[in-house]
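Visitor: The structure follows.
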Amino acid sequence: MFTGIVTAVGSIRRATQGSDGLSLEIAAPYADLAAGESIAVDGACLTVERMGEGWFSVHVIKTSLERTNFGSFESGRTVNLERALQVGERLGGHLVQGHVDGVGTVERVSQQEDARILDIRAPAQVAQVSIPLGSVTVDGVSLTVNALPGANLIQVSLIPFTLQHTTLGERQPGDRVHLEGDTIGKYVWHLLGGKK
């Protein structure tokens, strides 16, 4: 379980495709990682396999490759990182499972006073559980849905702190992003049988 509060920005040191999926070696500032630990990489919960000074590696299985953007990751790409929530810690964002529900596409980036606005084309399974002032996770970052400006469009507002401490400030129209819909919204949608 995560909160969507990014604790570090890392970078891909090596991406190795194999017949059994993708191995990623990630440069990160964490000094006390353990094998088997869960860590969210751009919002996807992955398991630490190996680690060394200033880096760790994870394996992305084929199923995860099908529902994420990891297949396009190359050396040098920056990624948002969050270690798993410990019981008793502050829940600064919202409940995030680290399950990417789909890949969205940034359609528009604009500036509105002191905030940057992103309009993101979302897959139906994310859009249908999103409401204004509800929560959505974008590349692992807990955000508030600012508005729903169109069918399957989710608008989020990025404050200066988020722009400085995550990778979202780099996002431009056409960029693909990992999305996780609100956990409570997903349960309600399922319990209602997918009805609005």
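The values are calculated or read from the model by the stated rules, or taken from the named source; none is laboratory data. The structure displayed is predicted, hence computed values, not measured ones. Using ideal geometry, Cβ is built from the backbone for each residue, glycine included, and neighbour counts are taken over all protein chains shown.
Visitor: When you scan the stretch 123-131, do you find a residue that is at pLDDT 95 or above and part of a strand (DSSP E or B), even just one?
Guide: No, the stretch 123-131 has no match at all.
Visitor: While we're here: Return the pair list, or none, for Cβ contacts closer than 9 Å from residues in the stretch 169-196 that are on the phi > 0 side of the Ramachandran plot to residues that are surrounded by 11 or more Cβ atoms within 10 Å (Cβ to Cβ) and in a strand (DSSP E or B), at least 6 apart or on different chains.
Guide: Every condition considered, the pairs that remain are Gly174/Thr105; Gly174/Val106; Gly174/Glu107.
Visitor: Also, I was wondering about something else. If you take the residues in the stretch 21-30 that are within 17 Å of the chain's Cα centre (by Cα) and either at pLDDT below 95 or assigned to a strand (DSSP E or B) (or both), which one is surrounded by the fewest Cβ atoms within 10 Å (Cβ to Cβ)?
Guide: Going residue by residue through the stretch 21-30, those that are within 17 Å of the chain's Cα centre (by Cα) are 24, 26, 28.
Keeping just the survivors that are either at pLDDT below 95 or assigned to a strand (DSSP E or B) (or both) gives 24, 26.
Details: Leu24: 24, Ile26: 26.
My answer is Leu24.
Visitor: Another question, if that's okay. Within the stretch 141-160, is even one residue at pLDDT 95 or above, closer than 18 Å to Val41 by Cα and either among the β-branched types (Val, Ile, Thr) or in contact with a Pro (Cβ under 9 Å, 6 or more places away or on another chain) (or both)?
Guide: Yes: one or more hits.
Visitor: Can you tell me which residue in the stretch 86-136 is nearest to Glu66 (Cα to Cα), limited to those that are among the basic types (Lys, Arg) and assigned by TED's automatic domain parsing to the domain that holds Gly174?
Guide: Step by step, filter the stretch 86-136, then rank; the result is Arg121.
Visitor: Let me ask you something else. For the stretch 69-116, give me the residue count where each residue is surrounded by fewer than 18 Cβ atoms within 10 Å (Cβ to Cβ), touching a Cys at 6+ places or on another chain (Cβ under 9 Å) and of a type outside the set (S, T, N, Q).
Guide: Total meeting the criteria: 2.
Visitor: Can you say whether Gly169 is small (Gly, Ala, Ser), touching a helix residue (DSSP H, G or I) at 6+ places or on another chain (Cβ under 7 Å) and either over 20 Å from Thr3 (Cα atoms) or not in a strand (DSSP E or B) (or both), as far as the supplied structure shows?
Guide: Working: small (Gly, Ala, Ser): yes; touching a helix residue (DSSP H, G or I) at 6+ places or on another chain (Cβ under 7 Å): yes; either over 20 Å from Thr3 (Cα atoms) or not in a strand (DSSP E or B) (or both): yes.
So Gly169 passes the test.
Visitor: Looking only at the stretch 130-160, which residues are hydrophobic (A, V, I, L, M, F, W, C) and closer than 14 Å to Ile184 by Cα? Write out each step before concluding.
Guide: The initial filter retains those residues of the stretch 130-160 that are hydrophobic (A, V, I, L, M, F, W, C), namely 131, 133, 136, 138, 141, 143, 145, 147-148, 151, 153-154, 156, 158-159.
Residues satisfying the conditions are Ile131, Leu133, Val136.
Visitor: If you don't mind, there's one more thing I want to ask. Test Gly98 against the criterion of being part of a loop (DSSP other than H, G, I, E, B), under 15 Å from the mean Cα position of the chain (by Cα) and among the small types (Gly, Ala, Ser), and give yes or no.
Guide: Yes, satisfied.
Visitor: Which residues, taken from the stretch 31-48, are of a type outside the set (A, V, I, L, M), over 15 Å from His99 (Cα atoms) and either at pLDDT below 95 or touching a Cys at 6+ places or on another chain (Cβ under 6 Å) (or both)?
Guide: Of everything in the stretch 31-48, just one residue is of a type outside the set (A, V, I, L, M), over 15 Å from His99 (Cα atoms) and either at pLDDT below 95 or touching a Cys at 6+ places or on another chain (Cβ under 6 Å) (or both), namely Asp32.
Visitor: Related question: Free of Cβ contacts under 8 Å to residues at least 12 places away in the same chain and among the hydroxyl-bearing types (Ser, Thr, Tyr): is that true of Ser110 in this structure?
Guide: Working: free of Cβ contacts under 8 Å to residues at least 12 places away in the same chain: yes; among the hydroxyl-bearing types (Ser, Thr, Tyr): yes.
Criteria met by Ser110.
Visitor: Which residue, of Ser38, Ser75, Ser64, is more than 18 Å from the chain's Cα centre (by Cα), among the hydroxyl-bearing types (Ser, Thr, Tyr) and outside the structural domain of Asp175 (by TED's automatic domain parsing)?
Guide: That would be Ser75, the only listed residue that is more than 18 Å from the chain's Cα centre (by Cα), among the hydroxyl-bearing types (Ser, Thr, Tyr) and outside the structural domain of Asp175 (by TED's automatic domain parsing).
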